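Below is one structure, written out as structure tokens; the observations come after it.
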Amino acid sequence: MNESPFRSEPGDRDIAPQFVLPLVVRIERGAPPARTDALETAARAVLVMLSDERSLGDGAWAEAVRAWQDARIRKVVRRARGAEWRRAEALPGVTVTVKSAEVRVFPPVPLDGWPKDLARLQVSGTDLDDPEPPLAADGSVPVLWMNPELDMSAGKAMAQAGHGAQLAWWELSQEERAAWRDAGFPLAVRTADPGRWGELTTIGLPLVRDAGFTEIAPGSCTVVADHPALR
């Protein structure tokens with residue numbers, strides 16, 4: 001792809017019909033997931049959607065996935081609990097669980113065509129914390145490095161982690177994709193050390209530049225996707 005799906009300047013992707021990938025994170029009152037778990041689960045959910053047989057070839061979701069990828073690559077994270085979560089689970093999609101977090105990903109929908117049970121869910125209120133600092137990332141697995149200079153809600157950061165995972169996926173060969181999928185999409189999401197962030201953005205790894213629809217300025221570098229196969 002010659003044109004970045006995340007760049008801020010207008011381009012051919014803006015002319016195409018716009019779709020969005022819905023993700024819903026389960027946040028039960030009194031038992032919210034840890035922030036890092038939520039970010040890693042969202043990233044893995046995007047990869048599960050991209051690799052699902054229903055998203056490929058003549059699969060049931062393939063046309064929607066192609067239309068979404070031909071336009072801006074938008075992802076929106078909403079939250080649900082209780083009956084809201086049960087209604088979301090009844091819709092076509094895939095639920096991914098990582099440690100304390102559950103995220104359900106749905107096939108892309110038109111920007112103004114969300115299913116009713118998803119459209120009513122809130123985007124705000126996804127502020128999450130880590131009870132303890134996450135352990136250092138295992139260098140043998142892909143790491144999605146977050147920009148240490150940006151302050152993002154957990155929902156926004158989840159979408160950005162998903163973008164980073166998707167860019168890495170696009171850069172891999174079919175064999176590398178299959179190996180990642182067969183291993184269960186191991187990955188880590190960590191905030192980069194401020195002193196290392198500049199280096200990470202200049203060594204040719206996939207880099208997300210946000211379009212600036214919410215929270216941060218257009219063109220902001222948010223995530224570097226450090227997959228071992230791309231180093």
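Values in this text are rule-based calculations from the coordinates and carry no lab data. Since this is a predicted model, take the numbers as computed values, not measurements. Here Cβ is always computed from backbone atoms with ideal geometry, including for glycine, and neighbour counts include all displayed protein chains.
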**Q.** segment 44-74 versus segment 173-215: alpha-carbon centroid distance in Å
**A.** 19 Å
Q.
Multiplying the sequence separation of L111 and D129 by 0.36 nm and subtracting their Cα-Cα distance, what value in nm do you get?
A. 3.5 nm
Q) Can you run phi through the Karplus equation (6.51, -1.76, 1.60; θ = phi - 60°) for segment 53-61 and list ³J(HN,Hα) in whole Hz, with x for Gly and Pro? A) 4, 6, 8, 10, x, 9, x, 4, 9
Q) Extension gain A90-T201, at 0.36 nm per residue separation less the Cα-Cα distance, in nm? A) 35.9 nm
(Q) Taking 8 Å as the Cα distance limit and 6 or more residues as the minimum spacing, I'd like the relative contact order of segment 1-142 as a percentage. (A) 37 percent
Q: In debye, nearest 20, what is the charge dipole magnitude of segment 113-213 about its Cα centre with +1 on Lys and Arg Cβ and -1 on Asp and Glu Cβ, if you could check?
A: 400 debye
Q.
Sort 23-35, 50-62 by the packing proxy (mean of other Cβ within 10 Å over each peptide's residues), most packed first.
A. 23-35, 50-62
(Q) As a test, work out the antiparallel percent of DSSP beta bridges whose residues both lie in the chain, rounded to the nearest 5. (A) 65 percent
**Q.** Relative contact order (%) - segment 168-231, alpha-carbon pairs under 8 angstrom, separation at least six
**A.** 32 percent
**Q.** Relative counts (whole %) of C-alpha pair distances in the chain, using bins that are 5 Å wide
**A.** 1, 7, 15, 20, 22, 18, 12, 5, 1, 0
(Q) Against the 2.2 N^0.38 Å scaling, with N counting residues, where does segment 87-202 land? I'd like the Cα-based Rg ratio to two decimal places. (A) 1.21
Q. Span-like helices, the chain: DSSP H, alpha-carbon axial extent 20 Å or more, mean Kyte-Doolittle -0.5 or greater, which ones?
A. 35-51, 154-171
Q: Starting from the eigenvalues of the Cα gyration tensor, five times each then square-rooted, give me the equivalent ellipsoid semi-axes of segment 6-112, largest first, whole Å.
A: 26, 16, 13
**Q.** Estimated dipole of the chain in Debye, rounded to 20 [Cβ of Lys and Arg +1, of Asp and Glu -1, Cα centre]
**A.** 660 debye
Q.
With the crude spin-label approximation of a point 7 Å out along Cα→Cβ, what separation in nm comes out for Q122 versus R66?
A. 4.0 nm
Q: Along Cα→Cβ, 7 Å out, is where each label goes; now give me the distance between the ones at A136 and D151 in nm to one decimal.
A: 3.0 nm
